[in-house]
Amino acid sequence: MTHPIIRFDHATFGFPGIVALEDISLTIPESEFVGVIGPNGSGKTTLCRAVLGLMAPLSGTLRVLDCACEELRCHHRALIGYLPQKGMIDRNFPVTVLEAAMMGRYGALGLFRRPSQKDRDIARAALAQVGMDHHRDSALGALSGGQQQRVFIARALAQQPRILLLDEPTTGLDLTAQHSVVELIQQLHQELKLTVLMITHDINMIRSRVDRLVLLKTKLFAQGPPQEVLKPDILSQVYGKELVITDKDFVLVEDYHHH
Amino acid sequence: MVRARDAVDSVIARTHSQITRSPHTIMLELLAYDFMQRSLLAAALVGAVCSVIGVFVVLRGLAFAGAGTAHAAFAGVTLAYLLGFPPLSLAIVFGLATVWITGWVEEKGRMKLDVSIGILYTATMALAILFLGLMKTYNPEVYGYLFGSVLSVTTEELMTIGGLSVVVLGTILLLSKELYFIAFDQEMAAASGVPARQIFYLLLTLVALTVVIALKTVGAILVFAMILIPASTAYQLTHSLTQMTLYSMLIGIFCAVSGVLLSYAFDLPSGPSIVLLATGLFFLAVCCSPKRLHRIQPT
């Protein structure tokens, strides 16, 4: 087994009076592609924020990049490329595609240092990797949702990260764009040997692409290769009536509550 | 202060008598006066600082926070006059306290930002009115901070404005990439290794300092317009962060300097002249915005 890059050890996370994730023990080795699934409120985004060092465990430990998560400093975070849930982007926000990708360099550069030509080259290379370099002078707001997600992935890649953390990267995209984005993520994982942690509701989209699935429902309900986790008895315990299995190869999760 | 006002009255009187002279001649004569040189320099500095910080205020969605800070700073001025302190000292204290409390409330997510600012806005304004009431006598200098009196800026005040402007613009120059990033997405910035929380509080601090810088020039009521309007005008004109900052600064300086000259030429109050000129440019930019006229369809 390769060196673990993320290690939860009986870690519990939450807020005063609220437990969002309880007693999680999970080890993710370097270069693994892990999908995180679970219904709404199961703690997926909490897991994401914890890995980013934005939440400290109430009990237990979490080590990321050989560092306790509560001690993650800015230079550690700069090694975690993060794609947050797709928010509402102001279409008039004055930022070009290249400027948005360049932001990925800011954490690694540190305070007071101006981006150099090398940083611009790294940002442009990241844009080229996601097929968006020819749009570098376009306004970000002028792009489609799928293209914007590609730019944000490029921004994360411009950090030259060791971990790529993706929080529902396909939400709000049409089916073609969803496939395109997930294929891109898989391709980047393979080419760059990145550790990828991808939170998603779309089981169908990632089941054949990830090395391992983690199923959350406040606790770590199941983990393992997709074929071991995606069993009707396991899924029905977590999703209940929200789950509809149409045939052996196709699983649908109704997503009425998801926004 | 009194000497400066006498000079203003004298110039205005002369202007009326010289109405037939060419604008060029009048302008040259005008620039020969020390008070006018100070006024134009103060206006240019205020225009530059307000419009540059305004870019981050507009993009980060802190518009109402700036308005609250301006009124809090005025409460500080009134208390300073009541206690015999230098007016700008307590303006800074009140302004900083307001923006920091506002930032803390937003960070903790305890209530919506506009609600907490609304409470602080009205509370500090109530304090200002209370302090004014306690003064018993009418003090025209205090009202100068409420409505602005750029033509009466003293050399000492100009030096304070200049010093604070260097601090604010220098800080923005040094940390512009971090400020842009938190304006774009603060959580993404934090997750990317930028000390976003500290930068956010720094931004709030710069807003408070900017309000204090501009308080004497355009007044507590109108200072926020100088922060908001040039940046909002530039926002209409470009898709680039760098260009928006540059355009905003140029618009801010142009409006501030032109407003002072207009106020002199037509015997108008300076603060409203600056702000109304900026407002006119804003609506012109909205009508002619390339973003609206040539909206690119998503590909």
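In terms of surrounding Cβ atoms within a 10 Å radius of their Cβ, B:CYS288, B:CYS50, A:CYS67, B:CYS255 rank from fewest to most as B:CYS288, A:CYS67, B:CYS255, B:CYS50.
Pairs spanning more than 31 Å between alpha-carbon atoms, out of A:LYS193/A:LYS231; A:LYS219/B:LYS177; A:LYS193/B:LYS177; A:LYS231/B:LYS108: A:LYS219/B:LYS177; A:LYS231/B:LYS108. Taking amide H as placed 1.01 Å from N in the peptide plane, A:LYS219 has its amide H under 5 Å from the amide H of A:GLU22, each at least 5 places away in sequence or on another chain. The stretch between A:HIS75 and A:HIS179, if pulled fully straight at 0.36 nm per residue, gains 34.2 nm over its current Cα-Cα span. Against the empirical 2.2 N^0.38 Å (N residues), chain A has a Cα radius of gyration ratio of 1.01.
Highest GNM mean-square fluctuation among B:SER289, B:SER51, B:SER22, for chain B modelled with Cα contacts below 10 Å: B:SER22.
Just so you know, the Cα atoms of the protein assembly as shown work out to an Rg and Dmax of 28.0, 95 Å.
The residues B:MET188, B:MET244, B:MET226, A:MET102, when put in order of fewest to most other Cβ atoms within 10 Å, stand as B:MET188, B:MET244, A:MET102, B:MET226. Take the Cβ-Cβ distance between B:LEU174 and B:ILE129 as r, set R0 to 45 Å, and report the resulting FRET efficiency rounded to the nearest 0.05. Given R0 = 45 Å and the Cβ-Cβ separation, E is 0.70. Peptide A:135-145 is shielded by partner chain Cβ atoms: per residue, an average of 3 of them sit within 10 Å of its Cβ. For B:TYR121, B:TYR138, B:TYR145, the sequence from fewest to most other C-beta atoms within 10 Å is B:TYR138, B:TYR121, B:TYR145.
Size descriptors for region B:67-208: radius of gyration and Dmax over Cα atoms are 17.1, 56 Å. Less than 5 angstrom separates the built amide H of A:SER138 from those of A:VAL97, A:LEU98, all sequence-distant by 5 or more or on a different chain. Each residue of region B:269-274 is assigned a 3J(HN,Hα), and the resulting list reads x, 6, x, x, 4, 5 Hz, derived from the Karplus form 6.51 cos²θ - 1.76 cosθ + 1.60 (θ = phi - 60°), x at Gly and Pro. Taken one residue at a time, the phi angles of region B:204-216 give Karplus couplings (6.51, -1.76, 1.60, θ = phi - 60°) of 4, 5, 5, 4, 5, 5, 5, 4, 5, 4, 8, 4, 5 Hz. Gly and Pro are set to x.
Under the simplified labelling scheme, the B:HIS24-A:THR61 pair shows an inter-label distance of 8.1 nm, with each label point 7 Å from Cα along Cα→Cβ. Between A:ARG120 and B:THR137, the C-beta separation translates, for a Förster distance of 60 Å, into a calculated FRET efficiency of about 0.45. Taking amide H as placed 1.01 Å from N in the peptide plane, A:GLU32 has its amide H under 5 Å from the amide H of A:VAL196, each at least 5 places away in sequence or on another chain. Of the residues B:PHE224, B:GLY148, B:ALA73, the one whose Cα sits farthest toward the positive end of the charge dipole of chain B, with +1 on the Cβ of Lys and Arg and -1 on the Cβ of Asp and Glu, is B:PHE224. Only Cα pairs under 8 Å and 6+ residues apart enter the sum, and on that basis the relative contact order of chain A stands at 24 percent.
Each listed q (0.16, 0.20, 0.27 Å⁻¹) maps to a log10 I(q)/I(0) for region A:89-160 from the Debye sum over equal C-alpha point scatterers, namely -0.48, -0.73, -1.19. Largest GNM mean-square fluctuation across A:GLU22, A:GLU71, A:GLU32, computed for chain A with C-alpha springs under 10 Å, falls on A:GLU71. Here the label points at A:ASP9 and B:PHE147, each 7 Å from Cα along the C-beta direction, are separated by 7.0 nm in the simple model. Working note: 222 nm ellipticity from helices only, DSSP H runs with n ≥ 4, each -39,500 (n - 2.57), summed and divided by the residues of chain A, gives -9500 deg cm²/dmol to the nearest 500.
Summarised as an ellipsoid, region B:34-290 has semi-axes of 27, 24, 16 Å, derived from the eigenvalues of the Cα gyration tensor scaled by 5 and square-rooted, with the largest first. Mean-square fluctuations from a GNM of chain A, with a 10 angstrom spring cutoff on Cα atoms, peak among A:ILE203, A:ILE80, A:ILE18 at A:ILE18. Mean residue ellipticity, 222 nm, helices only, chain B: the sum of -39500 (n - 2.57) across DSSP H runs of n ≥ 4, divided by residue count and rounded to 500, is -28500 deg cm²/dmol.
P(r) for region B:180-288, from all Cα pairs and a bin width of 5 Å, is 2, 12, 18, 19, 18, 14, 8, 5, 2, 1, 0 %, short bins first. For region B:20-134, place one equal point scatterer on every Cα, skip the solvent, and apply the Debye formula. What is log10 of I(q)/I(0) at q = 0.14 Å⁻¹? Log10 I(q)/I(0), no solvent term: -0.72. Calculated over region A:1-85, the projected area of the Cα convex hull averaged across directions stands at 5.8 nm². Evaluating 6.51 cos²θ - 1.76 cosθ + 1.60 at θ = phi - 60° for every residue in region B:219-227, the Karplus couplings come out as x, 4, 6, 9, 4, 5, 4, 5, 7 Hz, glycine and proline recorded as x.
Any read-out appearing in this document is the output of simple, stated calculations on the displayed coordinates, not a laboratory observation. These numbers were taken from a predicted model, which means no experiment stands behind them. Backbone-built Cβ (ideal geometry, glycine too); neighbour counts: all protein chains shown.
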